[in-house]
Structure formats: structure tokens, C-alpha cells
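Here's the structure we're looking at; comments come further down.
The values are calculated or read from the model by the stated rules, or taken from the named source; none is laboratory data. Computed from a prediction, not measured in an experiment: that's the story for all the values here. For neighbour counting, all protein chains shown are included, and Cβ atoms are generated from backbone atoms with ideal geometry for every residue, glycine included.
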Amino acid sequence: MSNKLIDIVNVSKSFGDNLVLDDLNLYIRENEFLTLLGPSGCGKTTLLRIIGGFESPDTGKVIFDGKNITDLAPNKRQLNTVFQKYALFTNMTIAENIAFGLKIKGKTKSYINDKIRYALKLVNLEGFEDRTPDSLSGGQQQRIAIARAIVNEPKVLLLDEPLGALDLKLRQDMQYELIRLKNELGITFVYVTHDQEEALTMSDTIVVMNQGYIQQIGTPEDIYNEPKNAFVADFIGESNILPATMVQDKLVKILGACFPCVDVGFGRNRPVDAVIRPEDIDLVKPEDGIIEGVVTHLIFKGVHYEMEVTANNFEWLVHSTDMVEVGTEVGIQVDPFDIQIMKKPESEDAEAVTIEE
Ligand SMILES: Nc1ncnc2c1ncn2[C@@H]1O[C@H](COP(=O)(O)OP(=O)(O)OP(=O)(O)O)[C@@H](O)[C@H]1O
Ligand SMILES: [Mg+2]
């Protein structure tokens with residue numbers, strides 16, 4: 001996983017007055033599972049369509065394997081797309097659907113039949129050749145759409161929210177199936193989703209986007225543990241994002257109380273944001289905590305309890321396997337390693353990040 005396969009260089013795109021992608025730079029490596037993640041309307045599909053050749057950028061270029069393909073037609077690119085709204089040909093059988101692209105390419109009948117069998121096996125739908133799309137469940141149809149893309153042996157598979165229409169259990173099954181396909185076929189996946197859990201589960205690399213800008217690029221671990229700004233912290237998982245002051249290296253003042261942390265280099269008495277994950281807050285006896293508060297909400301979530309603790313006028317979100325009753329006075333403790341310090345955005349524009357209310 002090292003070679004740059006696709007390089008997106010200074011790509012911008014507007015629709016009318018609406019600037020959808022603003023001078024985007026991103027590269028995708030061979031055999032990488034890269035996910036574009038962000039809220040609705042942030043430009044994910046537009047970027048995918050530019051990579052696929054269904055949309056041209058206003059400025060910038062797309063390089064594939066060292067060649068500029070910005071103006072190349074979609075069918076001349078070594079990639080296949082599974083769209084947000086998948087469309088099987090309803091008047092054709094499953095086998096005919098899968099064979100469609102291969103027939104256009106003039107492949108022989110035996111080659112095509114082998115491919116159909118192979119693709120149906122990969123998506124766990126052996127024996128479905130003669131069925132019609134309307135006799136299949138949503139999830140099965142989705143798998144056929146993926147099989148249809150795979151038989152063309154693309155170097156890259158572009159997938160736009162392919163599991164969006166499926167229920168949770170089926171989504172999870174399909175997530176495992178896609179990871180298996182990626183490992184077995186060794187193709188590069190560019191995957192679009194607005195589901196952060198799906199992105200964390202499946203990706204080698206996550207690109208977090210908001211309003212046409214890239215907010216952060218990193219491994220799932222990086223993005224979860226070291227969010228670069230408040231938008232990423234808020235979008236990925238649940239967080240307590242607290243206005244704070246970096247008193248000095250390794251000491252941060254949050255809501256008037258000083259917490260030891262591990263961050264250095266922010267200067268003295270600088271305004272920052274502190275991010276603390278709900279599972280990283282320890283509830284202790286009031287006198288043992290850095291801040292004292294009261295449990296104000298309690299919900300059982302299956303694996304853990306979700307609690308809200310009101311302390312120093314802030315509602316802290318806390319996850320724990322231990323239950324603490326509503327009304328209990330508690331102390332809040334946080335391990336220094338579990339406090340993530342982020343610079344405040346310097347201005348309202350550019351990469352400075354706004355959180356949508
Ligand atoms: N053909 C078009 N003409 C005009 N505006 C468009 C067109 N395609 C997309 N847009 C606009 O561009 C913005 C980004 O759209 P895009 O489809 O890339 O978002 P997305 O991140 O895929 O969102 P979702 O998660 O809802 O699919 C939106 O404001 C959308 O309305
Ligand atoms: Mg979209």
C-alpha cells in the first residue's frame with residue numbers, strides 16, 4: 001500500500017454560485033480502502049463523480065497512474081462506479097445484468113459465464129443467475145450491483161453510499177463482505193458514506209469533509225483519537241468539547257478547574273478547545289474528582305450506561321459499564337492522556353471550522 005494511484009490536484013467545482021469543492025488535494029494509494037466521510041451536501045458525491053469522470057472540475061486535475069485523465073470519458077477509465085441509487089436493469093435476469101458490460105466489450109460466452117459464476121460466488125448469491133431484480137431483497141440487489149461492477153476487473157471501485165438503503169444487520173454483513181472482497185481482489189476502494197461508524201470499521205484511510213473542504217485525513221485510529229479540530233471531534237463519535245485555556249505545557253484549565261494533560265507547545269494562557277470522549281471520564285467520589293457534579297440523566301445502552309453529569313454549569317456526557325443513579329454526587333477524573341487539546345480556529349473562513357447546529 002504505497003504507490004499513489006489517483007492524485008487529485010487543486011480540484012474546485014461550483015454549481016452556479018455554490019462552491020461545492022474548494023481547491024481540494026488528495027491522493028489515493030493502490031489497494032487502499034479510502035472513505036470520504038462528511039455530512040449531507042458536503043461534496044462527497046461530486047468528488048466521486050469527478051474521479052469517475054461523470055463530472056469535470058472547474059479547475060485542477062485528476063491523475064491516474066501518472067497520467068492526466070481529467071478529460072477522459074468514464075468508460076475509458078480503469079474504474080467502476082456503484083452509484084448512490086443503484087439501478088439494475090429490471091427487464092433482464094441477474095445473469096444478463098452482470099454480463100452487460102462484458103458483452104459490450106465483446107467477451108466470449110464462456111468467459112462471460114465464468115465471470116458471472118465467480119462474481120455471484122464472491123457476493124454470496126450463487127444460483128441467482130435466472131432470477132429477476134424485482135424478486136430480490138434490497139440487500140441482494142445491492143450485492144448484484146457490486147458483482148456487476150467487479151466482473152469488469154476495475155483497478156478501482158467507486159462506491160457511493162452502497163449500503164445506505166439497508167437495515168443495520170444487513171449493513172454489517174455487507175461491510176464484512178466488502179472488506180473480504182477488497183482483500184481477495186486487491187482492488188482500490190473509494191467509498192462514500194456519511195456514517196462515521198461504517199467509516200471507522202472499513203477504512204484504511206478516512207477523509208473527513210465539510211462544506212467542500214477536507215478537515216482531516218488519517219487512519220480510523222488517528223481520526224478518532226486525535227481529531228484535528230472541533231468539527232472532526234464532533235462528527236466522529238460522541239465527545240465533550242469544552243472551551244479551555246492552556247495554562248502552560250501539560251496543564252489545561254477547563255471550566256475553572258486545572259486538569260493535567262500531555263500536550264505541549266500551545267504557549268501560556270492560550271484559548272483552546274479540549275476534547276474528552278465520554279468513555280474516558282471516570283466518575284469517582286466527589287472529594288476525589290477534579291470537578292464535582294451531579295448525575296442528571298441515565299440511560300442503559302446495551303453495552304454501557306450513558307450518563308449526563310452536570311458539573312460547573314456543563315453537561316458532561318459519560319459512558320461507563322458502571323451505573324450511577326440520577327441525583328448522585330460524583331467527582332470527575334480524566335487521565336491526562338485522554339484529554340485532547342486543539343487550537344481554536346483562527347478565523348471564520350477557509351479551514352477554520354464551523355459546526356453546523
Ligand atoms: N448537478 C448539480 N447541480 C447543482 N447543484 C448540485 C449538483 N450536484 C450537486 N449539487 C450541489 O452540490 C452540493 C454537494 O452535493 P453532493 O451530492 O456532492 O453532496 P454529498 O456530500 O454527496 O451529500 P449526500 O450525503 O446528501 O449524498 C449540494 O449543495 C448539492 O445541492
Ligand atoms: Mg451523495
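Scanning the range 76-99 for residues that are closer than 22 Å to I51 by Cβ and either assigned to a helix (DSSP H, G or I) or of a type in the set (A, V, I, L, M, F, W, C) (or both) returns K76, L79, V82, F83, A87. Residues in the range 174-200 that are in contact with a strand residue (DSSP E or B) (Cβ under 6 Å, 6 or more places away or on another chain) and among the small types (G, A, S): A199 alone. Checking each residue of the range 300-309 against the condition of being in a loop (DSSP other than H, G, I, E, B), modelled with pLDDT of 95 or more and loosely packed, with under 14 Cβ neighbours inside 10 Å gives no match.
Restricting attention to the range 21-31, does a residue exist that is within 16 Å of ligand 2 (Cβ to nearest atom) and touching a Cys at 6+ places or on another chain (Cβ under 9 Å)? Within the range 21-31, not a single residue is within 16 Å of ligand 2 (Cβ to nearest atom) and touching a Cys at 6+ places or on another chain (Cβ under 9 Å).
Filtering E226, E238 for residues that are among the acidic types (D, E) and out of contact with any helix residue (DSSP H, G or I) (no Cβ under 7 Å at 6 or more places or on another chain) leaves a single hit, E226.
Check the range 239-258 and report whether any residue there is in a helix (DSSP H, G or I), aliphatic (A, V, I, L, M) and buried (at least 18 other Cβ atoms within 10 Å of the Cβ). No, every residue in the range 239-258 fails to be in a helix (DSSP H, G or I), aliphatic (A, V, I, L, M) and buried (at least 18 other Cβ atoms within 10 Å of the Cβ).
For the range 161-187, a residue qualifies if it is more than 16 Å from ligand 2 (Cβ to nearest atom), in a loop (DSSP other than H, G, I, E, B) and either of a type in the set (G, A, S) or under 15 Å from N80 (Cα atoms) (or both), and the qualifying residues are G186, I187.
Quick check: anything in the range 242-256 among the acidic types (D, E) and under 27 Å from M174 (Cα atoms)? Within the range 242-256, not a single residue is among the acidic types (D, E) and under 27 Å from M174 (Cα atoms). It is to be established whether one or more residues within the range 50-63 are within 16 Å of ligand 2 (Cβ to nearest atom), under 17 Å from the mean Cα position of the chain (by Cα) and in contact (Cβ under 8 Å) with a residue 40 or more places away in the chain. For the range 50-63, residues within 16 Å of ligand 2 (Cβ to nearest atom), under 17 Å from the mean Cα position of the chain (by Cα) and in contact (Cβ under 8 Å) with a residue 40 or more places away in the chain: absent.
Every condition in (1) aromatic (F, W, Y); (2) free of Cβ contacts under 8 Å to residues at least 40 places away in the same chain; (3) within 16 Å of ligand 2 (Cβ to nearest atom) holds for Y86 except the one numbered (2). Across the range 1-36, which residue is farthest from ligand 1 (Cβ to nearest atom) among those that are among the aromatic types (F, W, Y) and out of contact with any helix residue (DSSP H, G or I) (no Cβ under 8 Å at 6 or more places or on another chain)? Restricting to residues being among the aromatic types (F, W, Y) and out of contact with any helix residue (DSSP H, G or I) (no Cβ under 8 Å at 6 or more places or on another chain), the top hit is Y27. When the residues of the range 6-20 are filtered to those that are in contact (Cβ under 8 Å) with a residue 12 or more places away in the chain and within 16 Å of ligand 2 (Cβ to nearest atom), which remaining residue is surrounded by the most Cβ atoms within 10 Å (Cβ to Cβ)? Ranking the candidates gives K13 first.
Restricted to the range 127-137, and to residues that are exposed (fewer than 13 other Cβ atoms within 10 Å of the Cβ) and within 31 Å of the chain's Cα centre (by Cα), which residue is farthest from F100 (Cα to Cα)? Among residues in the range 127-137 that are exposed (fewer than 13 other Cβ atoms within 10 Å of the Cβ) and within 31 Å of the chain's Cα centre (by Cα), the one farthest from F100 (Cα to Cα) is S137.
Only residues that are closer than 17 Å to Y27 by Cα, assigned to a loop (DSSP other than H, G, I, E, B) and at pLDDT below 95 were counted across the range 204-237, and they come to 1. Residues that are within 14 Å of L157 (Cα to Cα) and more than 8 Å from ligand 1 (Cβ to nearest atom) were ranked within the range 37-75; the one that is surrounded by the fewest Cβ atoms within 10 Å (Cβ to Cβ) is N75.
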